[in-house]
1. Any chance you could run the full-extension gain for residue 108 through residue 31? It's 0.36 nm times the residue separation minus the Cα-Cα distance, nm to one decimal.
2. What does the charge add up to near residue 51, with Lys and Arg as +1, Asp and Glu as -1, over the other residues with Cβ less than 14 Å from its Cβ?
3. With a Cα-only, solvent-free Debye model of region 1-64, what are the log10 I(q)/I(0) values at q = 0.17 Å⁻¹?
4. About the Cα centre of region 5-113, how large is the charge dipole given +1 on each Lys and Arg Cβ and -1 on each Asp and Glu Cβ? Please answer in debye to the nearest 20.
5. At q = 0.12 Å⁻¹, work out log10 I(q)/I(0) for region 5-113 with the Debye formula, treating every Cα as an identical point scatterer and leaving solvent out; two decimals please.
6. Tell me the angle of helix 58-74 to the major Cα principal axis of the chain, expressed in degrees between 0 and 90 and rounded to the nearest ten.
7. Ignoring ligands, DNA and RNA, what percent of the accessible area of region 5-113 is carbon or sulfur (1.4 Å)?
8. Provide the per residue accessible area, probe 1.4 Å, for the chain, rounded to a whole number of square angstrom.
Amino acid sequence: MADSIFLKIINRELPAEIVYEDEHCVAIKDVAPKAPIHLLIIPRKVIPRLSDAQPKDLKLLGHMMLTAGEVARRIGVEDAFRLIVNNGSEAGQTVFHLHLHLLAGKSFSESELGF
Ligand code: AMP
């Protein structure tokens, strides 16, 4: 299977604005932001969809959540951000390499679930 666009970014084969990285994941700026701050938190390990994750991925999934909090703190939005995972094309997933969308810098209405 061809490498996902995110794997190419992680391997530095494609450019991206990397705002954070550690041994398990990378955070980049979304190329088509849906909010003033729109980051993607991407595990180095390729898991196509959240629903493909396995019990062995438990630590990695937890690490992604902690990374979201850490990145939010670093950029000063720890009091107001939204995390979204699109799982499957019907749910709007376009890149089949698991990622968290971290959105901030605007107010989200209680009823609005999408971006
Ligand atoms: P999803 O639709 O949940 O799979 O999200 C994929 C996201 O990746 C979209 O918000 C795109 O704007 C973003 N995206 C696609 N290609 C790139 C890229 N080369 N660099 C940064 N973000 C990208």
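1. Computed gain between residue 108 and residue 31 is 25.7 nm.
2. Surrounding charge for residue 51 is -2.
3. With no solvent term, the Cα-only Debye profile gives -0.64.
4. Result for region 5-113 is approximately 200 debye, rounded to the nearest 20.
5. The Cα Debye sum returns log10 ratios of -0.39.
6. Tilt of helix 58-74: around 40 degrees.
7. Numbers: 3540 of 6390 Å².
Solvent-exposed carbon and sulfur of region 5-113 make up 55 percent of the total.
8. Working: 6910 Å² over 115 residues.
I get 60 Å² per residue for the chain.
The values are calculated or read from the model by the stated rules, or taken from the named source; none is laboratory data. This structure is a prediction, so every number in the text was calculated from the model and none was measured. Neighbour counts run over all protein chains shown; Cβ positions are idealised from the backbone, glycine included. We work out accessible area using only protein heavy atoms, side chains counted, and drop any ligands, DNA or RNA first. Shrake-Rupley method; radii C 1.70, N 1.55, O 1.52, S 1.80 Å.
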